[in-house]
Amino acid sequence: MRAKRYSISTLKETPSEAEITSHRLMIRAGLIKKTASGIYSWMPLGLRVLKKIEKIIREEMDTAGAQEVLLPAIQPAELWKESGRWDQYDEGLLLKLKDRHSRDFCFGPTHEEVITDLARTELKSHRQLPINFYQIQTKFRDETRPRFGVLRAREFIMKDAYSFHSDKASLEETYQLMHSVYSKILQRMELDYRPVEADSGSIGGNASTEFHVIAESGEDVIAFSTESDYAANVELAEAIAPPSETENMLEMEKVPTPDAKTIEKVSTLLEIPEEKTIKTLLVKGSETEIVALVLRGDHTLSSVKAEKLSSVASPLRMADPEEIMTALGCQIGYIGPCNLPFPVYVDRSAAAIRNFVGGANEDGYHIRNINWHRDSKIEAIVDLREIKVGDPSPDGKGKIRLKRGIEVGHIFQLGDKYSKSMKANVLNDSGKTTALQMGCYGMGVTRLAGAVIEQNHDESGIIWPHVLAPFEAVIIPINAQKSQKVFDKTEELYAELKDLGCDVILDDRDDVRPGVKFNEWELIGVPHRLVIGEKSLKKNKIEYTHRKKGEALEISKEKAISLIN
RNA sequence: CGGCGUGUAGCGCAGUCUGGUAGCGCACUUGCUUCGGGAGUAAGGGGUCGGAGGUUCAAAUCCUCUCACGCCGACCA
């Protein structure tokens, strides 16, 4: 490739929209251009990176025996109504469309319905199983707040795979295989990543693992053990019950606490630690109007854990202040666990304390020395809170610390969730009709491009891993228009590298000064740079610089070629 | 979805308060000089000032509506 005929459009200034490094660099290097909020066009340089990501994914999926298909981007509403997700899928996220006959369609945010439909017509016998189909497809999720460039875009490219099995053991086997395939893919991209126990969210099902690329800018928080391999999304990480307190129960006492509507203020006013207070959260219930969730004052509710309670309405919604006023006659800030007219679910840690402080269900008052059972009924003791730094790891080894990550992959065991609702059955080995067991495995292709940059950059720009760089090497001649020797040597080297199959670009632009070229290629992040100028040619050398190592070496052409290959 | 903010040349911005010829830097075009780290110089091209309506002799500027984009928030009980 010659730069003279190649679209390179870098920016010196950063467009104001770009908040985080990868977004800024992708725009400045001219990899992407924004077309609308959360919708990007990929320029030639950026597309080269995407293709390389896709290539690695394809190779590993194919090696694992998965078969590539291409499913429609636009999907008929009927399938989504059959699975029940037409109305249920996180409100708004699903982009709904109508055709000219005003029939309902959506732009696929994911493809469980389509593939299950395909499976029920294609798969008839257990002898066709297990089978794993994958595709690389453009998806659309109408995020409320797209941000971070390609890391949370509305339109994005994803690799999704769906496996089908006649029993759970076979599903488990493929799930484990995909676990190792994902690890291999991320290793090949030289990423620092962690597999993380996760919530399966609206897709449904049982076991699920997220693959996170570790990055400060990540939107997810991961809880790690200091001692073991344990890692889980904070939303889900189990908070172990502390030992129950044994102090003697004291008399209950109502105390005035004007204007103390937060745990912090109550704790300061009454001179007690926050660990000796509790907060009572009222949320919408599924069977009752309202359900009370009780946490220790210093703890935070995990909305994912709360939604898992069958008596809590999903998605989680807090009760309105008016509703609370009607039910209890007090404001938010004075709610307590005593004599509540709705079921009370208590977090393990909150259940373990004695003689604690809670709201009096009367404005301006709290109660001291509340004790469970004696003063307040408990529907159940459950794990409701988010895990904190320093908590014991749920596997009993070490303590918890937190890191941020970018979710680039997510694998699930869906079981028969879709096959049951959509009647995807096969005949098993004893001739009986059974619902297909299903697994699904997603990986964000466009998101990976951004995640790689988050982990690989410096002040000058992107530092691509060799396998993903838009070009492996760039040749920059100095003053080739004046020096025939430079010109000849450049062409010779270019031809040789091309013959070796190297993905090389020759920067033959004669209207661009060397300094500009250096800066541009560092911004774009090409790993190997070869500079050819009179100075080093006199010594029969050329100048080689590795993007990451930085220092320039004067070496022979042959040596440079061997460094690149 | 709620709060706040911003829309002026491809990009970054000034001008808006106090109405009166639409500007600056980068980028782009042409010439000359330059050519090892985002050159200098001269001349140029490029705008329905997000859109609609209104006030006014006159609107980028004031008023109303609307659209788009961005940031923050959506577990303070």
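The values are calculated or read from the model by the stated rules, or taken from the named source; none is laboratory data. These figures come from a predicted structure and were not determined experimentally. In this analysis, Cβ positions are derived from the backbone assuming ideal geometry, glycine residues included, and neighbour counts consider all displayed protein chains.
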Worksheet item: Quick one: would you say A:VAL312 is of a type in the set (Val, Ile, Thr), farther than 18 Å from A:SER376 by Cβ and either more than 10 Å from RNA strand B (Cβ to nearest atom) or at pLDDT 85 or above (or both)?
Response: yes
Practice prompt. Identify the residue in region A:206-230 that is buried (at least 19 other Cβ atoms within 10 Å of the Cβ) and not in a strand (DSSP E or B) and, among all such residues, is modelled with the highest pLDDT.
Written response: A:ALA215
Response to the item:
Those residues of region A:279-301 which are assigned to a loop (DSSP other than H, G, I, E, B) and more than 10 Å from RNA strand B (Cβ to nearest atom) amount to A:SER286, A:GLU287, A:THR288, A:GLU289
Worksheet item: Name the residues in region A:353-394 that are among the small types (Gly, Ala, Ser), in contact (Cβ under 8 Å) with a residue 60 or more places away in the chain and surrounded by fewer than 17 Cβ atoms within 10 Å (Cβ to Cβ), would you?
Response: A:GLY364
Discussion item. Can you name every one of the strands (runs of 3 or more DSSP E) wholly within region A:442-555 that holds 3 or more residues which are crowded, with 17+ Cβ neighbours inside 10 Å?
Written reply: A:473-477, A:504-506, A:528-532, A:542-546
Discussion item. As an exercise: evaluate A:GLU82 against (1) over 24 Å from the mean Cα position of the chain (by Cα); (2) more than 30 Å from A:PRO130 (Cα to Cα) and give the number of the one condition it does not meet.
Written reply: (2)
Worksheet item: Does A:VAL266 fit the bill of being in contact (Cβ under 8 Å) with a residue 24 or more places away in the chain, within 30 Å of A:HIS410 (Cβ to Cβ), touching a Ser or Thr at 6+ places or on another chain (Cβ under 9 Å) and of a type in the set (Val, Ile, Thr)?
Response: no
Practice prompt. Of the numbered conditions (1) at positive phi; (2) over 30 Å from the mean Cα position of the chain (by Cα), A:ALA327 fails exactly one; give the number of that condition.
Written response: (1)
Fill in: Residue satisfying condition, being under 22 Å from A:GLN481 (Cα atoms) and of a type outside the set (D, E, K, R), within set A:ILE555, A:ILE564, A:ILE524, A:ILE505
A:ILE505
Worksheet item: Out of region A:426-441, which residues are farther than 21 Å from A:VAL181 by Cα and either in contact with a helix residue (DSSP H, G or I) (Cβ under 9 Å, 6 or more places away or on another chain) or crowded, with 20+ Cβ neighbours inside 10 Å (or both)?
Response: A:VAL426, A:LEU427, A:ASN428, A:ASP429, A:THR434, A:ALA435, A:LEU436
Worksheet item: When you look at A:LYS55, is it assigned to a helix (DSSP H, G or I) and either more than 16 Å from RNA strand B (Cβ to nearest atom) or without any contact (Cβ under 8 Å) to a residue 24 or more places away in the chain (or both), yes or no?
Response: yes
Practice prompt. Output yes when any residue across region A:463-478 is acidic (Asp, Glu) and either out of contact with any Asp or Glu (no Cβ under 7 Å at 6 or more places or on another chain) or within 8 Å of RNA strand B (Cβ to nearest atom) (or both), and no when none is.
Written response: no
Practice prompt. Working only within region A:235-275, note down all residues that are surrounded by 19 or more Cβ atoms within 10 Å (Cβ to Cβ), in contact with a Lys or Arg (Cβ under 9 Å, 6 or more places away or on another chain) and more than 24 Å from A:LEU309 (Cβ to Cβ).
Written response: A:THR257, A:SER267
Worksheet, complete the sentence: For region A:525-551, the count of residues that are within 9 Å of RNA strand B (Cβ to nearest atom), within 38 Å of the chain's Cα centre (by Cα) and not charged (D, E, K, R) equals 2
Item to complete: Looking only at region A:81-93, decide whether some residue is more than 10 Å from RNA strand B (Cβ to nearest atom), within 30 Å of A:ASP499 (Cβ to Cβ) and not in a strand (DSSP E or B).
Response: no
Practice prompt. Go through region A:9-50 and give me each residue that's exposed (fewer than 14 other Cβ atoms within 10 Å of the Cβ) and more than 10 Å from RNA strand B (Cβ to nearest atom).
Written response: A:SER41
Discussion item. Given the options A:VAL181, A:VAL114, A:VAL196, name the one that is among the β-branched types (Val, Ile, Thr) and over 27 Å from A:ALA424 (Cα atoms).
Written reply: A:VAL196
